[in-house]
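Here is the structure we will look at, set down as structure tokens.
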Amino acid sequence: MEILTHGINMTWVRATDQPRTLIEVPTAAHGLKFCDTLEIDQAAHVLYVTDRTDNGLDMFDVSTPCAKYMKTIDLGSGTNGVVVAKNVNKVFVTTNDSMVGIIDISSPGSEKILTKLNTGGKKRADELDYDPKDKKVYVANSGDGFVTVIDATTNAIVKKFDNLGEGLEQPRYDSADGMMYMTSSVQNAVFKFDPTKDTMVQKYDVVAKCSPNGLAINPTTNQALLGCSARAVPIAVSWDLAGGKVLTTFDQTGAGDGVFYSAKADRFFFAASNFNRGGVMSIFKGNPIAFVTNIPTAVGAHGVAYDEANDVIYTQDQNPNEGALFSFSPPR
């Protein structure tokens, strides 16, 4: 069912109700379960979910439209970010004790922790992303203000960018220009790194009152959608990566976190969990970037993954005594 609600400045906000499926894991039936980041290995049909309740990485089989819990890999501390490095058969997971766990996924069903690397921070290691060309992982320590670079082949730290400031959020690799970008919510900024040389190229002021958390990139257009976290006037922003500037602001959504782009669907998915009319999953066209609709979710549903094989969106369900995840299909 499609509905229209009032947006900022009395514009109309398009919203679509979609049936939601609750996906439980064994520990979820007894209380609040805090899941942070979601990542799908599209080829292996495995959904990885970082889980601060059990200090682990939860794994789900998503070979069908109904996800099934498989197991949890214990990382020994609350987990935050996760990324699949498919061409080296590894998964990288960040934890609250400033570590990065490296998991071997070369033998499905027999995944094992290879090592844990200490980034040297006093606070958590948070979001991260993988550059498959240079085989490097960029890890943001949000509270410590630095970025760590890991060689995904040797499992060694090869570079550290210190004194980058507060509120470091989502690194995201751009296959179009080979650069790694990263948002900062506190600084209202976008950083640009060259992974080939491991140098910081530039820092851009977003200017629009966005406070970006999430970042996803359409490499075909070399444009990005910034998931703004500012709550006073919630927005999302389309961003020109080449020019380092705002293209468009969207007032139909905002005050959210994670953003994901699917080239197969040519859609951006933005988890606007703190939107002022209730938590929503916002959907945007990829080329050109344009708002499509909002799907109601819940407060706390701040992450997103999209299963390209089954056309299913996943986000957190952090309501007490319910499942660990919501899943639903995007509107046709």
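Below, the figures for the structure above:
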{"read-out": "Calculated from backbone phi, Karplus (6.51, -1.76, 1.60) coupling profile of region 233-249 in Hz, x at Gly/Pro", "value": "9, x, 8, 10, 10, 8, 10, 8, 5, 5, x, x, 8, 6, 9, 8, 10"}
{"read-out": "In Å², nearest 10: area of residue 60 left accessible to a 1.4 Å probe", "value": "0 Å²"}
{"read-out": "Highest-first arrangement of 298-304, 319-325, where packing means the average Cβ count within 10 Å", "value": "298-304, 319-325"}
{"read-out": "Where no second cysteine Cβ lies under 4.7 Å, the cysteines concerned in the chain", "value": "35, 66"}
{"read-out": "Angstrom value of the Kirkwood radius, inverse mean 1/r, which spans all Cα pairs in region 128-266", "value": "14.9 Å"}
{"read-out": "Dipole axis of the chain (+1 Lys, Arg; -1 Asp, Glu on Cβ), positive-most option in 289, 79, 140", "value": "289"}
{"read-out": "Peptides 199-205, 62-68 ordered by average Cβ neighbours within 10 Å, highest first", "value": "62-68, 199-205"}
{"read-out": "Anisotropy class of region 200-332 from Cα gyration tensor, a/c 1.5 cut", "value": "oblate"}
{"read-out": "Relative contact order %, the chain, counting alpha carbon pairs below 8 Å whose residues are six or more apart", "value": "15 percent"}
{"read-out": "Candidates 16, 253, 297, ranked by Gaussian network fluctuation over the chain, Cα under 10 Å, top entry", "value": "16"}
{"read-out": "Largest-first principal axis extents, alpha carbons of the chain, Å", "value": "53, 45, 34"}
{"read-out": "Most mobile of 100, 25, 190 in a GNM of the chain (Cα contacts under 10 Å)", "value": "25"}
{"read-out": "Positive-end extreme of charge dipole, the chain - chosen from 189, 314, 171 (charges on Cβ)", "value": "189"}
{"read-out": "Sequence-separation-based contact order of region 161-241, relative, with Cα cut under 8 Å and 6+ spacing, percent", "value": "23 percent"}
{"read-out": "J(HN,Hα) series, region 149-158, from Karplus relation 6.51 cos²θ - 1.76 cosθ + 1.60, nearest Hz, glycine and proline x", "value": "10, 10, 6, 6, 7, 9, 6, 10, 6, 10"}
{"read-out": "Gyration tensor verdict on region 69-158 (Cα atoms; rounded if a/c is under 1.5, prolate if a/b is larger than b/c, oblate otherwise)", "value": "oblate"}
{"read-out": "For region 254-332: rounded, prolate or oblate by the Cα gyration tensor [a/c cutoff 1.5]", "value": "oblate"}
{"read-out": "Normalised contact order of region 222-332, rounded percent, pairs of Cα under 8 Å and 6 or more residues apart", "value": "17 percent"}
{"read-out": "Per-residue ³J(HN,Hα) for region 35-48, Karplus 6.51 cos²θ - 1.76 cosθ + 1.60, θ = phi - 60°, Hz, x for Gly and Pro", "value": "9, 10, 10, 10, 8, 10, 7, 5, 6, 8, 6, 10, 9, 9"}
{"read-out": "Assigned charges on the beta-carbon of Lys, Arg, Asp, Glu; the chain dipole about Cα centre (debye)", "value": "380 debye"}
{"read-out": "Amide H contacts of residue 312 (H built 1.01 Å from N, under 5 Å, at least 5 apart or other chain)", "value": "307"}
{"read-out": "GNM top mover of 281, 70, 182 - the chain, alpha-carbon springs below 10 Å", "value": "70"}
{"read-out": "Alpha-carbon centroids, region 62-131 and region 206-282: separation in whole Å", "value": "25 Å"}
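The values are calculated or read from the model by the stated rules, or taken from the named source; none is laboratory data. Since we're looking at a predicted model, the values are computed, not measured. FYI the Cβ positions are ideal-geometry reconstructions off the backbone, even for glycines, and counts take in every protein chain you see. We work out accessible area using only protein heavy atoms, side chains counted, and drop any ligands, DNA or RNA first. Shrake-Rupley method; radii C 1.70, N 1.55, O 1.52, S 1.80 Å.
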